[in-house]
Every structure is written in structure tokens, then in C-alpha cells.
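Report on the following structure.
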Amino acid sequence: MDLMVQIDGQAVPLADCFWVRATANGCAVGSIRPDLGDDLIATPQQAQREWSATKRQREVDARRGMQHLLLTHEQWKTQAEPCFRGQCQHRKAA
């Protein structure tokens, strides 16, 4: 049985989603599948630990406004992929 999550009112298998690490302005700087490795990454806190292993690093993330967002594949294509390709509005605004 697949673990289901609800994103924007739509039930989606967690394994079909992506966790995205984004800056305060929404620019994606990292992405990971929730089902890679031995454990499922099911919460924003678990996703954050993939990038920031220590409490001190997580506190710095909080001060900088880092976000850990669960996106569907379609959302990833429109919201995260342009950032990774250097084609997002975030970089153009900077």
C-alpha cells in the first residue's frame, strides 16, 4: 500500500513527489525523492535533516527562511526545475 499525501486538495502517492529545499524567496536549491534510501521522508522536518544534519544548521536555516516543500512531479517541473536550470524568476530578480 502506498503512503498517500494531500497536496493542493489532491491525493498523491508520496513516492510520486519530491522534497524541494528553497530559499526564502522561493528559489529551489535542492531536491530529493521521499522514497530513496531506507527511510521514507514524510515531513518537512525529515526533509530538512537531509540537508542540515545538526540542530545548529537547522537554526541557521530558520533564520535564513529556508523552506522544505513537498511538490508533485508537475509542480516540480514548473516551480523547481527552472531554478536548477538557472532560468527562474528568482535569479532574474536578484
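A compact table of results
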| item | result |
| --- | --- |
| Residues located in region 42-94, provided they are over 29 Å from Ala11 (Cα atoms) and outside any helix (DSSP H, G or I) | Ala53, Thr54, Gly86, Gln87, Ala94 |
| Residue list for region 25-42, restricted to those being without any contact (Cβ under 8 Å) to a residue 24 or more places away in the chain, out of contact with any Asp or Glu (no Cβ under 7 Å at 6 or more places or on another chain) and among the hydrophobic types (A, V, I, L, M, F, W, C) | Leu36 |
| Search result, residues across region 44-56 that are over 14 Å from Val29 (Cβ atoms) and surrounded by 11 or more Cβ atoms within 10 Å (Cβ to Cβ) | Pro44, Gln46, Arg49 |
| Those residues of region 68-94 which are crowded, with 18+ Cβ neighbours inside 10 Å and modelled with pLDDT under 95, in sequence order | Cys88 |
| Within region 7-19, considering residues that are of a type outside the set (Asp, Glu) and within 15 Å of the chain's Cα centre (by Cα), the one surrounded by the most Cβ atoms within 10 Å (Cβ to Cβ) | Trp19 |
| Lone qualifier among Gly65, Gly30 - being modelled with pLDDT of 95 or more, small (Gly, Ala, Ser) and loosely packed, with under 13 Cβ neighbours inside 10 Å | Gly65 |
| Filter result for Thr54 (modelled with pLDDT of 95 or more, more than 14 Å from the chain's Cα centre (by Cα) and among the hydroxyl-bearing types (Ser, Thr, Tyr)) | yes |
| Residues of region 14-41 classified as charged (D, E, K, R) and in a helix (DSSP H, G or I), total | 1 |
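The values are calculated or read from the model by the stated rules, or taken from the named source; none is laboratory data. Values in this document were obtained by computation on a predicted structure and should not be read as measured data. We place every Cβ from the backbone using ideal geometry, glycine too, and count neighbours over all the protein chains shown.
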